[in-house]
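What follows is a single structure, written as structure tokens, with notes after it.
Just so it is clear, none of the values below were taken in a lab; they were calculated from the coordinates. Because the structure is a prediction, the values reported are computed rather than measured. Using ideal geometry, Cβ is built from the backbone for each residue, glycine included, and neighbour counts are taken over all protein chains shown.
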Amino acid sequence: VTGNGRIEATAAETGWSVIAMSGEHDLSTAPELRARLHDLGDANPLIIDLDQTTFVDSSILGVLVGGLRRARERNAPFGLVLGAEAHPAIRRIFELTGLHEVFPIFASRAEAQAALSAQGSAS
Amino acid sequence: MTAQAADVTLVVPAVPDSIAVIRQTVSGICEALGADSRTVGDIKLAATEACTNVVLHAYAGSGDGTIELDAHAGPDELRLLVRDHGAGMTPAPLAEGLGLGLPLIAALTSSLTIVEADGGGTEVSMTFALRDPPPEP
């Protein structure tokens, strides 16, 4: 038995990279997430969708913080999607760690794209 | 006095894939005890963080070792012991992670003690209040 987390990464023709995570994620899937972030690079704005995720731990938060840090260094748009229907455990770990105030968090991919597009055009 | 769920002991290899095994075991115990979903989530997270510490730090470089989990269920609380027989508590290396594991565990538990395990290594004892009492038999 292992974690059931899945990670799907797409570099869309619309110019957005999206990583959609589902299921449970911990130290066993953190290297895969780190690799997907690395593979996507910084060419496109990046959205990480956590709406179908049911568990993340501090290992995953560490990878996400690393992604955010690299994006900021390159002035590249980066946001998380955590909608109203997302699993409460995900919002809880962000709130317990204070990282909900660090990451740009949006209620949907559309909202993230709209906000991050504005950010990109403003910079 | 309500019936207590049986105590559970689990020993798994100290590798990343074992963490989910312990998490799922703990989740099952919590649900059997009638804990609400938020409490179950908190206990799963604390157990995961304790096991992650073992995998990352207890047996650094040795390539083997185990994580031992003891779960003691009472009518109003659950106590989890996560034990390793590795190098013992050492200053947290800063090279990997955010150092959030122990602060998270402290925030999620009603009591937390970390002691040297019998025979060497580290034993993390975490107690959680169960929001809902177990169902009447």
Per-residue mean of C-beta atoms belonging to partner chains within 10 Å, peptide A:49-56: 1
Helical mean residue ellipticity (222 nm; -39500 (n - 2.57) per DSSP H run of 4+; nearest 500) of the protein assembly as shown: -11500 deg cm²/dmol
Inter-part distance where the range A:1-66 and the range A:75-90 are each reduced to a Cα centre, Å: 11
Chain A: angle of helix A:88-97 to the longest principal axis, Cα-based, in degrees nearest 10: 80
Unit charges on C-beta of K, R, D, E only; dipole of the protein assembly as shown, Debye: 760
Three principal axis lengths of the protein assembly as shown [C-alpha, angstrom, descending]: 63, 45, 29
The protein assembly as shown: antiparallel DSSP beta bridges as a percent of all, rounded to 5: 70
Per-peptide average of other Cβ atoms within 10 Å, ordering A:20-26, B:34-40 highest first: A:20-26, B:34-40
Sequence ranges B:47-58, B:13-24, A:45-56, ranked by mean other-Cβ count within 10 angstrom, highest first: B:47-58, A:45-56, B:13-24
Rg in Å to one decimal, and Dmax rounded to a whole Å, for the range A:57-119 via C-alpha atoms: 11.8, 32
Total formal charge among the other residues, if their Cβ is under 15 angstrom from that of A:Asn4, Lys/Arg +1 and Asp/Glu -1: -3
Positive-pole candidate from A:Ala20, A:Ala30, A:Pro88, dipole of the range A:8-116, charges at beta carbon: A:Ala30
R0 of 35 Å, Cβ-Cβ distance A:Glu101-B:Asp118: FRET efficiency to nearest 0.05: 0.25
